[in-house]
1. Report which label in (i) 17, 14, 13; (ii) 47, 12, 8; (iii) 19, 11, 9 holds the value of semi-axes √(5λ) of the Cα gyration tensor in Å derived from the coordinates of this structure.
2. Taking 8 Å as the Cα distance limit and 6 or more residues as the minimum spacing, I'd like the relative contact order of the chain as a percentage.
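Just so it is clear, none of the values below were taken in a lab; they were calculated from the coordinates. Computed from a predicted structure; not experimentally measured.
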Amino acid sequence: MLDRAGNIIQHYKSFESLPPLLAKGRALAMHGQYAFVEVYLDKVIAVTSSGDTSIVKG
């Protein structure tokens, strides 16, 4: 989770519950293909270590 300045304010372990908004990105975050996952109100963006992105709307 990030604050308004973009700083990480909380990390979640794989066994911890997530807030509903973040839960929709969990499956992508657990996939070893992605370096990180960005969760927004209307989409989830998964980014590989080479910078390629996958966008999931919903």
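1. Computed from these coordinates, semi-axes √(5λ) of the Cα gyration tensor in Å corresponds to label (i).
2. 20 percent
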